[in-house]
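Some notes on the structure that comes next.
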Amino acid sequence: MIDLYTEIENGRRKFENEIFQPIYQSIKTDTAFLELNRLDFINCEFNFFEIEDLNQPDLTIFFKECVFNDHVNFFDVYLGGLIFVEIKKITNVDISGKFTRIRFNNKNTPLNGGLDLNVEIIQELNFEDFNQTNGKLELIVNNGNLEKKEEFRTFFKNAKFNDFFISNSNFGYIANFKNITVLSNLSFEECSFEECFFDNSNFTGEVNFLNCLFNKFASFQNLVSQNSSSFHIKKSKFIERVNFNNSKFHKLEINDNNFKELTFQDSQFNSISIDRTTFEKNVLFDDIQITNINDCNRRTIRTIKQEIQKAENRIDFNRFKNYEMATYYKELSWKKNFVDKSILYMTKISTDFGNSWTKALGFTLLSALLFFTLFFINENYFNSFDLKNWTQFTSGYFRFFLVTDFYNPLETDRVYLTNPLSWLIFVFGKIVIAFGIYEMIQSFRKFKA
């Protein structure tokens, strides 16, 4: 047993530079605790540390620069505070009970072990500057005083997690997850948030929000989702505004959710999927960029297009209208949908579904050259070629672009063709030129009001 009966001064007992033996050290409910409001361990070493069945809401236990060679356990306790600062070594921590506050800060001494917390917090849960390089943090946290729930706040700012799993929790009046880094996976299941912030965070693995409730403003600005990561929001509800502006996602999936107000302005995605999701107000997708647009399904593209149209963003609307045609083209079969597939194929090779006016210009010039060359050869098959023919060819080629001119472009007079094959080539050429000019005009529509 740890001797608590000596050196108690003003309700405080301090242990410094001590090694606690034997291996099993256990603090049970003891009358000595009734005289304590602060128990400090500075630079101490423990082979095992356990407290259980202790009801002392005025007591704070403080560990600084300690070494834990085995488990640290707090079972079914009610304490005023539990604080870990710059722990040098720790294997596993299990904490259950009720606390006014819990603080775990170890910025300069990374944790190489697991933490399991199932706690009620009255005022503060603080993991700012927490640093975990190995192991898993499992957390269940709830408000320990519903009558003063506005006092309950959670802080994870600047924390670094290896693997973080949170379930059946609420995060108080404000939850600050700004600037966190997750090396492996992050998962929130059946959680409730009031006002929360995940700005400037960095994710490497899989991020999941499943069956979560966001009661107030939620901010996910300037997120960075690395190329190996995926970000999933499923079966969740957002009561107020959500902001994903200026964020970068490798893969974002939004399924079976309800959003009141959502913004993705200036965000970037390698791929995005939106399905079975309700938006009560317009979603702002202004100036978003999707790198692998071909990986997106048509339902997602259509959803984004419709929300952009509601916002009267004509430039991005036409861009996503073209993307929708591209995804529809991929879905069609040459065998079952020959007509639609062939029309979209012509749009694809002429303007890349309206995305390139320069491609449309090149398509028109080359197509006209091909058909006019065939027409010229057919008209002069039996004639010898000389410089006069070359001049006739170039002037006739430019005249061929007049789609409403059905006179022979090789003649200076207004005379019609007499060769049936020449007529066939001539008419098809005019159709292709008209199509190319139309597609080129369409590609400029994004600049019109």
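The values are calculated or read from the model by the stated rules, or taken from the named source; none is laboratory data. Note that the structure is predicted; figures quoted are calculated from it, not measured. Heads up, the Cβs are rebuilt from the backbone with ideal geometry, glycines too, and the neighbour counts pull from every protein chain shown. What goes into the accessible areas is simple: the full protein's heavy atoms, side chains included, and nothing from ligands, DNA or RNA. Shrake-Rupley method; radii C 1.70, N 1.55, O 1.52, S 1.80 Å.
Taken along the Cα-to-beta-carbon direction at a fixed 7 Å, the label points for R276 and T181 span 3.7 nm. Annotation for N10 and K216: the two label points, set 7 Å from Cα along the Cα-Cβ direction, are 3.6 nm apart. Obtain the nm distance between the two label points defined at V67 and D53 by a simple spin-label model: each point lies 7 Å from its Cα along the Cα-to-C-beta direction. Using points 7 Å along Cα→Cβ, the separation is 3.3 nm.
Over all Cα atoms in the chain, the spread is summed up by Rg and Dmax: 35.0, 121 Å. Treating r as the C-beta distance of K88 and S333 and R0 as 45 Å, the FRET efficiency rounds to 0.10. Cross-linked pairs K14/K89; K305/K348; K157/K216; K216/K310: Cα-Cα separations exceed 22 Å for K216/K310. Using the Cβ-Cβ distance between D286 and R241 with R0 = 25 Å, the FRET efficiency computed as 1/(1 + (r/R0)^6) comes to roughly 0.95. By the compact-protein rule of thumb, 2.2 N^0.38 Å, the alpha-carbon radius of gyration of the stretch 203-256 corresponds to a ratio of 1.11.
Note down the Stokes-Einstein diffusion coefficient of the stretch 92-210 in µm²/s, whole number, using a Kirkwood radius over alpha carbon pairs, 20 °C, and 1.002 mPa s. It comes out at roughly 153 µm²/s.
Taking 0.36 nm per residue of separation and subtracting the Cα-Cα distance, full extension of the segment from T418 to S96 would add 106.3 nm.
In nm, what is the difference between 0.36 nm times the number of residues separating F20 and V427 and their Cα-Cα distance? All intermediate terms of the calculation are to be shown ahead of the outcome.
On the way: separation 407, 0.36 × 407 = 146.52 nm, distance 9.79 nm.
Between F20 and V427, full extension yields 136.7 nm more.
When nucleic acids and ligands are ignored and a 1.4 Å probe is applied, Y416 ends up with an accessible area of around 130 Å².
Tell me, in nm to one decimal, what length is gained between E151 and N112 on full extension, where the rule is 0.36 nm per residue of separation less the Cα-Cα distance?
Details: separation 39, 0.36 × 39 = 14.04 nm, distance 3.19 nm.
Here the answer is 10.9 nm.
Reported to the nearest whole Å, the Cα centre-to-centre distance from the stretch 100-141 to the stretch 238-280 is 29. Between the amide H of G81 and those of L59, T60, I61, T100, R101, distances stay under 5 Å, these residues lying 5 or more places away or on another chain, with hydrogens modeled in the peptide plane. For the chain, complete DSSP H runs whose alpha carbons reach 24 Å or more along their own long axis and whose mean Kyte-Doolittle score is 1.0 or higher are 357-379, 420-443.
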